[in-house]
Amino acid sequence: MSIRSNGATWLGELTGGAPALHAWSAVRVANGELAGAPARFIAVVQDPGNQFPRARNGEVGLVEGWQLAQAVHETMHEDRDARTRRPIVAVIDVTSQAYGRREEAFGIHQALAGAAGAYAEARLAGHPVIGLIVGLAMSGAFLAHGYQANRLIALADPGVMVHAMGKASAARITLRSVEALEALAQSVPPMAYDIHSYASLGLLWKVLAPSSAAEPTRDDVALVRATLEEALADIAPNEARDLSSRFGGEHRAASRRVRELLREQWNA
Amino acid sequence: MNIEALLRRDSFIERNARGRARALLDAGSMRELVGPFDRVTSPWLAQQKLVTQADDGVVVAKGTLDGMATVVLAIEGAFQGGSMGEVGGAKIAGALELAARDNRAGKPTQAVILFETGGVRLQEANLGLAAIAEIQAAIVDLRRYRPVIGVSAGTVGCYGGMSIAAGLCSYLVLTREARLGLNGPQVIEQEAGLAEFDSRNRALIWALTGGEQRVATRLADVLVDDDTAQVRAALTDLFRAGPPAMHRSDRYADFLASLAHVDTARQPEAADVRTVYEKGLT
């Protein structure tokens with residue numbers, strides 16, 4: 001069955017339709033190329049037949065979390081003795097984590113930790129990890145798939161959104177209406193849902209404006225591919241493998257201030 | 001427990017974040033970093049005319065535990081539900097980053113995180129989420145050198161993105177009163193309906209996500225009573241053991257094999273989870 005989602009579309013475009021390395025239904029892993037060298041691409045797609053009913057719409061559930069972990073660990077394992085570590089591109093279009101009783105009972109937090117931990121370990125081991133946001137990047141699902149990347153790239157498109165919680169849920173939980181939440185988000189950048197407000201937090205390395213995130217043209221694909229290769233070059237071989245490149249945003253003064261004080265006081 | 005033992009007991013849960021941190025570190029060794037007098041408060045809560053707190057709900061305490069350099073990151077569940085905003089999140093991530101730096105410089109430093117948290121602070125949404133990603137990155141870095149131990153005692157529980165952070169810790173210590181899970185029962189009920197999860201059914205919540213069940217199903221390591229000395233003794237033992245041969249978050253093969261045995265046609269009971277993981281996670 002072919003599933004149309006931005007994640008599936010971009011994974012196909014960037015790997016030239018390469019066959020999936022695993023017979024998994026929701027987590028797709030494929031080989032591709034970047035700058036003339038092998039690269040691994042991973043996406044989470046919808047799975048209407050998922051045996052866990054709460055993980056059928058592109059959510060990262062128990063099985064998906066652990067499969068992401070496996071996919072990343074396999075890449076690390078294969079490159080253990082190689083001179084260069086292959087880049088890993090997380091193609092990000094994830095609705096949310098799966099909300100359900102089965103998920104909590106069997107420890108979905110641990111499955112997502114498996115995925116987040118694997119990406120972090122890959123980054124520390126020297127794999128350039130790039131997160132390419134082509135659709136939704138929501139909450140726990142984003143933490144599991146992409147947020148540990150050395151560089152994050154997002155497409156500016158109405159279908160692209162990064163957030164800690166969906167609008168309707170966030171409104172319910174903060175006891176606000178969706179309209180009130182949207183109004184508040186206008187003046188409070190970290191609460192906003194649009195990609196440009198998100199960019200103002202300094203978390204994105206680049207924002208691209210393709211003609212469409214859902215139906216990319218050949219030029220769109222070329223633009224994204226070129227940007228992925230630039231990101232790869234930007235992740236210098238000897239550079240710190242941490243997330244410090246994200247601390248410079250105009251709205252992250254408090255994060256910088258806290259770290260500055262901690263450094264001053266650490267050995268005082 | 002007899003009455004005398006009960007009276008002698010020094011409750012851990014009744015302490016606030018600062019008191020918990022002080023009680024875990026060797027007597028007289030605690031020094032607080034970026035404390036209330038540094039006055040780094042949440043710029044985002046203030047902007048929304050919400051009450052701020054001078055430590056933003058996170059205490060960074062440096063000292064020794066069992067003689068070893070240790071940093072305790074204690075989340076205050078009483079402030080904004082222990083939610084992670086920009087400042088509190090940066091305190092935890094920044095301290096873990098410095099601990100990892102010390103290890104690289106040949107100065108062994110270990111960390112304890114006291115998880116009493118609902119997860120991301122929705123009023124700081126994307127900055128809270130980013131801070132949690134940075135905390136996770138720092139845990140994975142630091143745990144390569146010295147254990148990072150998570151403790152959740154009660155009463156807030158450990159939820160949201162911070163439960164994923166807890167899942168990255170080298171070891172987890174829980175009390176019976178603790179709850180550990182990704183999505184809170186109320187959120188699940190809102191998202192998926194009452195039939196999926198009845199958030200008022202407290203017995204169900206503790207049966208599935210409580211400390212006793214999490215330890216029995218190997219999603220946590222040590223169950224302790226609500227007793228400060230017991231928490232401290234558990235930490236001492238685990239730190240002396242050093243990092244585990246394999247971190248729980250790296251056991252994808254065991255977890256995937258276990259999950260293949262789950263009957264997903266019906267909702268699981270606590271006993272079902274024990275059956276699956278007792279076999280699969282030995």
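The values are calculated or read from the model by the stated rules, or taken from the named source; none is laboratory data. Quick caveat: nothing in here was measured; it's all calculated off a predicted structure. Note: ideal-geometry Cβ built from the backbone for every residue, glycine included; neighbour counts use all protein chains shown.
Kindly indicate the residue of the stretch B:101-128 that is in a loop (DSSP other than H, G, I, E, B) and touching a helix residue (DSSP H, G or I) at 6+ places or on another chain (Cβ under 8 Å) and also surrounded by the fewest Cβ atoms within 10 Å (Cβ to Cβ) among those meeting that condition. Ranking the qualifying residues of the stretch B:101-128, first place goes to B:108. Restricting attention to the stretch B:138-157, the residues being more than 20 Å from residue B:219 (Cα to Cα) and either buried (at least 24 other Cβ atoms within 10 Å of the Cβ) or modelled with pLDDT under 95 (or both) number 3. The residues of the stretch B:23-57 that are out of contact with any strand residue (DSSP E or B) (no Cβ under 7 Å at 6 or more places or on another chain) and not in a loop (DSSP other than H, G, I, E, B), listed by number, are B:23, B:36, B:37, B:38, B:43, B:44, B:45, B:46, B:47.
If only residues of the stretch A:98-144 that are assigned to a loop (DSSP other than H, G, I, E, B) and touching a helix residue (DSSP H, G or I) at 6+ places or on another chain (Cβ under 6 Å) are counted, the one that is nearest to residue B:262 (Cα to Cα) is A:106.
Take the residues of the stretch B:202-221 that are touching a helix residue (DSSP H, G or I) at 6+ places or on another chain (Cβ under 7 Å) and of a type in the set (Val, Ile, Thr): which is farthest from the other protein chains (Cβ to nearest Cβ)? Once the filter is applied, the top-ranked residue is B:205. If we scan the stretch B:216-230, do we find a residue that is surrounded by fewer than 18 Cβ atoms within 10 Å (Cβ to Cβ) and modelled with pLDDT under 95? No; the residues of the stretch B:216-230 include none that is surrounded by fewer than 18 Cβ atoms within 10 Å (Cβ to Cβ) and modelled with pLDDT under 95.
Looking across B:66, B:56, one residue alone is over 18 Å from residue B:136 (Cβ atoms) and either modelled with pLDDT under 95 or at the interface with another protein chain (Cβ under 10 Å from one of its Cβ atoms) (or both). It is B:56.
Residue-level check: of (1) more than 10 Å from chain A (Cβ to nearest Cβ); (2) crowded, with 24+ Cβ neighbours inside 10 Å; (3) touching a strand residue (DSSP E or B) at 6+ places or on another chain (Cβ under 6 Å); (4) of a type outside the set (Val, Ile, Thr), residue B:77 misses just (3). Residues that are more than 19 Å from the chain's Cα centre (by Cα) number at least 3 in the following helices (runs of 4 or more DSSP H) confined to the stretch A:154-215: A:167-173, A:178-187.
Kindly check whether there is at least one residue in the stretch B:89-99 that is under 13 Å from residue B:169 (Cα atoms) and either part of a strand (DSSP E or B) or of a type in the set (Val, Ile, Thr) (or both). No: the stretch B:89-99 contains no residue that is under 13 Å from residue B:169 (Cα atoms) and either part of a strand (DSSP E or B) or of a type in the set (Val, Ile, Thr) (or both). Among the residues of the stretch B:178-201 satisfying the criterion of being in a helix (DSSP H, G or I) and of a type in the set (S, T, N, Q), which is farthest from the other protein chains (Cβ to nearest Cβ)? By that ranking, first place goes to B:186. Looking only at residues of the stretch B:1-52 that are polar (S, T, N, Q) and within 14 Å of chain A (Cβ to nearest Cβ), we find that the one that is surrounded by the most Cβ atoms within 10 Å (Cβ to Cβ) is B:42. Of all the criteria given as (1) crowded, with 24+ Cβ neighbours inside 10 Å; (2) within 7 Å of another protein chain (Cβ to nearest Cβ), the one not satisfied by residue A:124 is (1). Can you tell me which residue in the stretch A:219-267 is nearest to residue B:105 (Cα to Cα), limited to those that are of a type outside the set (Lys, Arg), assigned to a loop (DSSP other than H, G, I, E, B) and facing chain B (nearest Cβ under 8 Å)? Top of the filtered list is A:242.
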